[in-house]
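Below is one structure; the comments refer to it alone.
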Amino acid sequence: MRRLLRRNMGLTLLALPGIALLFLFHYVPLYGLLLPFKQYRFNLGIWKSPWSGLDNFQYLFNGSMLKTVTRNTLGYNMVFIFLGMFVAVTFALLLFELGKHFVKVYQTVLFIPYFISWVVAGFAFRALLDMDYGVFNKLLNNLGLESVMWYNEPRYWPFILVAAEIWKGIGYGAVIYYAALMGIDSEYYEAARIDGAGKLRQAFSISLPMIKPIIIMMMILQVGKIFYSDFGLFYNVTLNSSLLYPATDVIDTYVYRSLIDLGDIGMASAAGFFQSMIGFVLVLTTNGIVRRISKENSLF
């Protein structure tokens, strides 16, 4: 053991900052798992606060809005996962067919939205959807149509939120799948061209089967977060309009408002614990299904 430690001392010291950050941000906070089962009081701290059993979870499950926010959370995330994956893979295949000089330009253009904060994006969408000065209403007026009160009409927002999520995440997903495509041996494509296969046949017969493990891995990881929502998307882009709650309220925004109104940390912690446990079970379940179908493509 000592000999091994001496031999790898340089690498160990190099990895030490990462190990310290991992311990600090992933293991130390595990102490907070007591909060969902505590009636937290600031003057007593976590350990000395009285136990509350499952009272915090009763608040979550007995809430009148739980059915709506759960439906919205699952519905949006399922669309984000499958539609987002389809769009990202499609753009990765298109990038793969471009010359290297053009790829850098298109990669940059696609990837820029990923770094834009949802706060900034919220103002951009307001410029498009504002009742009086929005670009969309100006276009409708020029066509002789009436203005739409976008922030008062829930029926439009499933499409707006899906478009916003795809716009922001398309670059990140496309780069991942494009990197996987770059790792495919070019001899496969040369042999396919000799056999007379066109670009579409090459994509379905070579590109997609070769990156299937990456697609499955990304899907499993995203399914594990299906009970989590991008808070910035649902809070900032919608401007937290109460009229849109039937179509835009998700678990994260619901818990946030409950925490702001009630100030009960235990209830908010219970919601986070519930989301984490469901995500953990979903990862195991999805991986188990994939393992039964194709063992080599499973995570573990």
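Could you go through region 209-224 and let me know if any residue there is at pLDDT 90 or above, more than 22 Å from T286 (Cβ to Cβ) and assigned to a helix (DSSP H, G or I).
Scanning region 209-224 turns up no residue that is at pLDDT 90 or above, more than 22 Å from T286 (Cβ to Cβ) and assigned to a helix (DSSP H, G or I).
What helices (runs of 4 or more DSSP H), lying completely within region 1-72, carry at least 3 residues that are under 25 Å from K225 (Cα atoms), open to solvent by 70 Å² or more (accessible area, probe 1.4 Å) and free of Cβ contacts under 8 Å to residues at least 24 places away in the same chain?
Hits in region 1-72: 9-22, 55-62.
Of all residues in region 223-235, which are surrounded by 20 or more Cβ atoms within 10 Å (Cβ to Cβ) and under 11 Å from the mean Cα position of the chain (by Cα)?
Scanning region 223-235 gives G224, I226, F227, S229, D230, L233.
List pairs: first residue in region 283-295 and free of Cβ contacts under 8 Å to residues at least 60 places away in the same chain and under 18 Å from G224 (Cβ atoms), second residue open to solvent by 30 Å² or more (accessible area, probe 1.4 Å) and of a type outside the set (F, W, Y) anywhere in the structure, Cβ distance under 9 angstrom, at least six positions apart or on different chains.
R291/L299
Can you find even one residue in region 102-125 that is open to solvent by 30 Å² or more (accessible area, probe 1.4 Å), over 19 Å from the mean Cα position of the chain (by Cα), without any contact (Cβ under 8 Å) to a residue 60 or more places away in the chain and closer than 19 Å to T253 by Cβ?
Checked region 102-125: at least one residue is open to solvent by 30 Å² or more (accessible area, probe 1.4 Å), over 19 Å from the mean Cα position of the chain (by Cα), without any contact (Cβ under 8 Å) to a residue 60 or more places away in the chain and closer than 19 Å to T253 by Cβ.
Consider D252 carefully, then state whether it is modelled with pLDDT of 85 or more, assigned to a helix (DSSP H, G or I) and open to solvent by 20 Å² or more (accessible area, probe 1.4 Å).
yes
The values are calculated or read from the model by the stated rules, or taken from the named source; none is laboratory data. Please read all numbers here as calculations on a predicted model, not as lab measurements. Counting neighbours? That spans all protein chains shown, and the Cβs are built from the backbone with ideal geometry, glycine included. Accessible surface is based on the protein model in full, side chains and every heavy atom, while ligands, DNA and RNA are left aside. Shrake-Rupley method; radii C 1.70, N 1.55, O 1.52, S 1.80 Å.
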